[in-house]
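One structure is given below, encoded as structure tokens.
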Amino acid sequence: MQPCNLFKNIISYEQCSRNCSPIVTCYAILLDNLINTTKDVNILCNSDIIDNWLNPDDATQFFNKLYIDAHVKKFYYFNLCRDVNNYRKHNWPQWRAAYLHNYFGTPLVVASQVFAAIVLILTFLQTLFSIIK
């Protein structure tokens, strides 16, 4: 049985059974919200969050079409999604990510950033001690 059919059958079973919690359906909704492009699939695979045996295009289509027309009364990952969205709304994570991406690409750049920070701290201390004297 193909993985797509297996997941769809489990989701269908969860939808039809009254005594079954929609755990797999909620997980499918969470992954569908996380994965919109092939870049998202690559990020999740490189971070060892998911294992992908398909090419990224097929995996993106797989997760985007997994739970079509499924209804969930209780979404188990609601608090997680809310926390991630609240975290994303703040500017600091965006600035930090942009800074790390732009200025910490190679070891030489990292060393120059550390050196610049040390020089800045020493300059500040020198100015402080000259004012105190």
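The values are calculated or read from the model by the stated rules, or taken from the named source; none is laboratory data. Fair warning: this is a prediction, and the values are worked out from it, not measured in the lab. So basically every Cβ, Gly included, is an ideal-geometry build from the backbone, and we count neighbours across all protein chains shown. For the accessible areas, the whole protein counts, side chains as well, though only heavy atoms, and no ligand, DNA or RNA atoms are used. Shrake-Rupley method; radii C 1.70, N 1.55, O 1.52, S 1.80 Å.
Ranked by the mean number of other Cβ atoms within 10 Å of their residues, highest first, the peptides 117-123, 71-77 come out as 71-77, 117-123. The computed Kirkwood radius over Cα pairs in Å for the structure shown corresponds, within (i) 19.0; (ii) 18.1; (iii) 16.3, to (i). Against the criterion of solvent-accessible heavy-atom surface with a 1.4 angstrom probe, 54, 108 sort, most first, into 108, 54.
Accessible area per residue for the chain is 81 Å², calculated with a 1.4 Å probe on protein heavy atoms, without ligands, DNA or RNA.
For residue 52 and residue 99, the FRET efficiency from 1/(1 + (r/R0)^6), where r spans their Cβ atoms and R0 equals 30 Å, is about 0.50. Computed from phi, the 3J(HN,Hα) profile of the stretch 15-31 under the Karplus parametrisation 6.51, -1.76, 1.60 (θ = phi - 60°) reads 6, 8, 8, 6, 8, 9, 6, x, 5, 5, 5, 5, 5, 5, 5, 4, 5 Hz, with x in place of Gly and Pro.
Take the Cα of residue 91, go 7 Å toward its beta carbon, and none of the backbone nitrogen atoms of the stretch 99-119 fall under 11 Å from that spot.
Dipole orientation for the stretch 30-133: of the candidates 97, 81, 125, 125 has the Cα lying most toward the positive pole (charges on Cβ; Lys, Arg +1; Asp, Glu -1).
Between residue 17 and residue 45, what FRET efficiency follows from the Cβ-Cβ distance if R0 is 41 Å, with the result rounded to 0.05? Between residue 17 and residue 45 the formula returns 0.80. Each residue of the stretch 93-101 is assigned a 3J(HN,Hα), and the resulting list reads x, 5, 5, 4, 5, 5, 5, 5, 5 Hz, derived from the Karplus form 6.51 cos²θ - 1.76 cosθ + 1.60 (θ = phi - 60°), x at Gly and Pro. Net charge in the neighbourhood of residue 21 (other residues with Cβ under 14 Å of its Cβ; Lys, Arg +1, Asp, Glu -1) is +2.
In sequence order, the stretch 44-55 has phi-based couplings of 5, 6, 5, 8, 6, 8, 10, 9, 10, 9, 9, 6 Hz under the Karplus curve 6.51 cos²θ - 1.76 cosθ + 1.60, θ = phi - 60°, and Gly or Pro positions carry x. Peptides 55-63, 91-99, 40-48, 27-35, ordered by how many other C-beta atoms sit within 10 Å of their residues on average, highest first, read 27-35, 55-63, 40-48, 91-99.
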